[in-house]
Amino acid sequence: MQYQYSAEVNRKSYPRRNDDLVWRDIAGEVVIADRSNGTIRVLNNTASVFWTLSDGSRNISEIVSSICQNYEVSQEESTRDSLEFCQILAKEGLVSISDITF
């Protein structure tokens, strides 16, 4: 599967993690290893929830709802941050984006 940046990320987009990445949840923070370029990324708790739920079966609105249920954050702020974070993940090839479930 090819992972490419998509400028069309919106609340109805379905993000899916790149299967070529190795990742683990360690004490509520996700550590992502990209063996293709040797980079390691560590996500904070909220970003870790987004990452974990980005399996292609939930759209961004559904992920935002989960984040809002678990953290004291408004729907508006969570949506804005999640859309921005998803754009970054897509641009870096860490997720693919679809307008339908994977």
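Overview of values
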{"read-out": "Of all residues in the range 80-100 being in contact (Cβ under 8 Å) with a residue 40 or more places away in the chain and over 12 Å from the mean Cα position of the chain (by Cα), the one that is nearest to Val42 (Cα to Cα)", "value": "Ser98"}
{"read-out": "Residue match in the range 38-47 (condition: surrounded by 14 or more Cβ atoms within 10 Å (Cβ to Cβ), part of a helix (DSSP H, G or I) and in contact (Cβ under 8 Å) with a residue 40 or more places away in the chain)", "value": "no"}
{"read-out": "Any hit, the range 51-69, residues being farther than 19 Å from Ile97 by Cα and of a type in the set (Asp, Glu)", "value": "no"}
{"read-out": "Test: residue in the range 16-37 that is among the hydroxyl-bearing types (Ser, Thr, Tyr) and more than 22 Å from Phe102 (Cβ to Cβ)", "value": "no"}
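We did not get these values from a lab; they are worked out from the coordinates using the rules stated. Note that the structure is a prediction, hence the values are computed from the model and not measured. With ideal geometry, Cβ positions are generated from the backbone for all residues, glycine too; neighbour counts draw on all protein chains shown.
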